[in-house]
Amino acid sequence: EFHRVTNEPAPVEIHDMEEMELITALRDHLKDKSYMVVFDDVWKIDFWGDVEHALLDNKKCSRIIVTTRHMNVAKYCKSSSSVHVHELETLPPNEARKLFCRKVLGPSSGGCCPSELKELSQDILAKCGGLPLAIVAVGGLLSSKNRVVSEWKKLFDRLGSILGSDPHLKDCNRVLSEGYYALPHHLKSCLLSFGLFQESCKVNCARLIRLWIAEGFVQYSKRPTSEQVAEEYLNELIDRSLVQVSKRDISGRARICQVHDLMHQIIIRKTEELGFSRVMNGEDLSRSSKTRRITVQRSIDDGALESIKESKVRSVFLFNVDKLPDSFMNASIANFKLIKVLDLEDAPVDYLPEGVGNLFNLHYLSLRNTKVKIIPTSIGNLLSLETLNMKNTLVRELPVEIRNLKKLRYLMVYQYHYTSGSSITEEAAVAKVRGGFGSLTNLQKLSIIEADSQVLKELMKLRQLRMLSIRPQNGNGKDLCALITNLENLETLTVEMTSKEEMLDLQSLSSPPQYLQRLHLTGNMKKLPDWIFKLKNLIRLGLDLSGLTEEPIRVLQTLPNLLELRFTGAYNYELFHFEAGWFPKLQKLLLWEFKAVKSVIIEKGAMPDIRELWIGPCPLLMEIPIGIEHLKNLKLLVFAGMVKQVYYMTKDENWGKVTENIPDVLVTFMEAGQLFHYRKDILSSLSPEYVEQIC
């Protein structure tokens, strides 16, 4: 190939050379040349190992470029050589629009669409999701159409169905389809499960992982756990650029994800072709007689339910359904004898019938964000149930029969109430449990339950717990400490008393779980327990405490891996002074409700990696935090419930200088029970009269 590019005759014997002879010949050919080689769309992970020794570094500014959709290819290159990995991002809206208009209207368009087509062009661009290949492909197709709304609307509505047939979209379809066909078998089912969700739907990664386990896409595993294996599957789909991450947590783990709209169309075609799943919009569901999974959108009637009563449906999902016929809850669910997954999240459901206990094969039941109040005793018949999600329901007590669910791994039952003041605070309504709870020895996650001394003893048996949120009764400090010590696999712990005035006694805990990464404490505590400072793996800490007599920030700054600190009015500070070297890895700091604080000082070298800083309400803080300009990585600064204070800060001659490099500076306030905010460029333009009015 080198000889062809330079128009030089290739050695006659090249076709008979062994691998090492070819490498030697190539190195000899390149030794005096400055060259650039591009390896495009590489899929083989260890590809670089095959070629790196053939392409010598002859100190003549040569360059080698490898493009790939697979992050593991880049990681392999980086592990064996000194390389720069550049992760391409999707085009920002402005650039995407310019590319689209140039492709559709030609270079003379200046990146602008005719006014009557602007709204529709935005819809089309949203479907392209900033992907240059998609924008060019769809733009090329539109360039041959008349520039009228009706023509563009017709194409927009048919875009998914013509993806595999129109020649303009051939390359786009091929590139996206290649990603699916190159997957190992176990990942194909995981990717196809995105077809159960609506187009552009942002999916909670934890929900997805639990669904994969329930469906059997992830085989049971003890070490690592099935959840950890499923997360590896998800990360591989992300690394292959088939799944996009919409949101990561503070530690970098994917929390919300989605697939590109055009990829979603390919997935939908494949799921229907394979009988994997079908999305129904209220039409006759008899077409789904061989489909294993159905997603019902918008509406469903008695006739549609009757048509699938004897079907082979294993999973049912509801999305944006305004009303359910009575028969859905009373009879039809109970007729799905083989159903494994029933996802009623956000559905208009206010009760769960006794008949649910007949679904003996059920592995996954989600009632999240419904009005369900009572869990029927028949729930105890669901011996295969692994996930029971009752987040944000009205359930306040679990039946004793819950103890029969020996395979249960995930149990969530609580509701958050948001109380308004100068800012928004959360209060959790939790559930009571009865005796025998200790039989659920496979539980991985449990949140949030009331815990008297008897419940604490039952919890001692749940040695597999990785996440626990409880509200203990006052006076159970020793039992609580014994429980925490016993749960050696614990990664997330929340202990919240009914109020901040109730004593929270954790002093006698001598040996905290070594893997603990997230800790949140609410209650009355005179002194932070010494064991907190032994938590070398702690990345998130929330302290909503009262009664502290010792200043905590000075000792908390020693936690080596802390990334996020939420600290609520726990000490009578008048001055927050962050010294050089404090919190070396902290990325997010929230300081809530410090009524006495008058000043904040940040020395150069303190919190060098901080990205977000939230402060307030602090009614006496009238001056700009001193040294805030030292926080070079700060992206978001929020003052909560401090409109008046920040308004007067903006009048300081240094305001513009110290905030000019912070992309977002906001001040939030409550009005008529709703949370609003102003950005920094608006604040200074407000009138003093208006500021006084809203404070």
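We did not get these values from a lab; they are worked out from the coordinates using the rules stated. Here the structure is a predicted model, which is why all the values come from computation and not from measurement. Don't worry about glycine lacking a Cβ; one is built from the backbone with ideal geometry, like all the others, and counts go over all protein chains shown.
Between the alpha-carbon centers of the range 205-254 and the range 26-74, tell me the distance in whole angstrom. Taking the Cα centre of each part, the range 205-254 and the range 26-74 sit 33 Å apart.
Over the range 2-80, calculate the relative contact order: mean separation of alpha carbon pairs under 8 Å at least 6 apart, over the residue count, as a percent. All intermediate terms of the calculation are to be shown ahead of the outcome.
Details: 73 pairs, mean separation 25.9, N = 79.
Once normalised by length, the contact order is 33 percent.
The aspartates and glutamates within cross-link reach of residue 337, meaning a Cα-to-Cα straight distance under 16 Å and a gap of 8 or more places when in the same chain, are 215, 306, 310, 354.
For residue 432, what charge total do you get from the other residues with a beta carbon under 12 Å from its beta carbon, if Lys and Arg give +1 and Asp and Glu give -1? It would help to have the intermediate numbers written out before the result.
Values: positive: 396, 434, 471; negative: 397, 450, 452.
Around residue 432, the surrounding residues sum to 0.
For the range 631-695, the relative contact order works out to 37 percent when only alpha carbon pairs closer than 8 Å and six or more residues apart are counted. For the range 183-273, the square roots a ≥ b ≥ c of the C-alpha gyration tensor eigenvalues yield an a/c of 1.5 or more together with a/b not exceeding b/c, which makes the shape oblate.
Going from the residue with the fewest nearby Cβ atoms within 10 Å to the one with the most, 298, 566 rank 298, 566.
Going by neighbour counts of Cβ atoms within 10 Å, the residues 257, 201, 61 line up, fewest first, as 61, 201, 257. Taking a Cβ cut-off of under 10 Å around residue 348, the surrounding Lys, Arg, Asp and Glu residues balance to a net charge of -1, with basic ones at +1 and acidic ones at -1. About its Cα centre, the dipole of the chain is roughly 900 debye, where the only charges are +1 on Lys and Arg Cβ and -1 on Asp and Glu Cβ.
Per residue, the convex hull spanned by the Cα atoms of the chain measures out at 219 cubic angstrom. Ranking of 212, 531, 43 by neighbouring Cβ atoms within 10 Å, starting from the fewest: 43, 531, 212.
Taken along the Cα-to-beta-carbon direction at a fixed 7 Å, the label points for residue 154 and residue 88 span 3.3 nm.
Within the chain, DSSP assigns beta bridges of which about 20% are antiparallel (rounded to the nearest 5).
So which of 188/588; 118/680; 595/632; 391/457; 445/500 end up more than 32 Å apart by C-alpha? Walk me through the numbers on the way to the answer.
Details: 188/588 37 Å; 118/680 30 Å; 595/632 28 Å; 391/457 25 Å; 445/500 25 Å.
Going by Cα-Cα distance, 188/588 fall outside the 32 Å limit.
Given a cut-off of under 8 Å on Cα pairs at least six residues apart, what relative contact order in percent is computed for the chain?
5
What is the sum of charges around residue 460, taking Lys and Arg as +1, Asp and Glu as -1, for the other residues whose C-beta is under 13 Å from the C-beta of residue 460? Around residue 460, the surrounding residues sum to +1. By the rule of a C-alpha distance below 17 Å, with chain neighbours fewer than 8 residues away ignored, the lysines paired with residue 534 are 585.
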